[in-house]
1. Spot the failing condition for residue 20; the list is (1) touching a residue at least 40 places away in the same chain (Cβ under 8 Å); (2) surrounded by fewer than 17 Cβ atoms within 10 Å (Cβ to Cβ); (3) more than 16 Å from residue 124 (Cβ to Cβ); (4) in contact with a helix residue (DSSP H, G or I) (Cβ under 8 Å, 6 or more places away or on another chain), and only one is missed.
2. Considering only region 27-36, state which residues are buried (at least 19 other Cβ atoms within 10 Å of the Cβ) and either within 16 Å of the ligand (Cβ to nearest atom) or at positive phi (or both).
Ligand code: ZN
């Protein structure tokens, strides 16, 4: 199997069986982000516990790239310290911008191929921009 095929398989696996999919009830923060170019819509939920991402989930509808990216993102940052999640976010977005390679990105490297398609970059970045907002000053979920 070529690296390209492996990456394709990771993306399709996360698209068909997204990890950490659904709402997060019982406290936490939530944001909604959209990518109108593609029609992707994403709600992201995060619960922080002592500076650690205790739980993270997402729901919404989107293309394979946006869904797989959100699923991979939740796996990459769940249980991580906020500062480490920010570092992962900068590494991933930097890779999408072509400013750095895929070193240390693990399965997230599967999305490296989208760099060749500027419209798809927005699909892959959507969940990470939502995460960035939540780790910044996201609004409280619920009433
Ligand atoms: Zn999309």
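Values in this text are rule-based calculations from the coordinates and carry no lab data. Small disclaimer: the values here were computed from a predicted structure and weren't measured. Heads up, the Cβs are rebuilt from the backbone with ideal geometry, glycines too, and the neighbour counts pull from every protein chain shown.
1. Condition not satisfied by residue 20: (2).
2. Hits for region 27-36 are 28, 33, 35.
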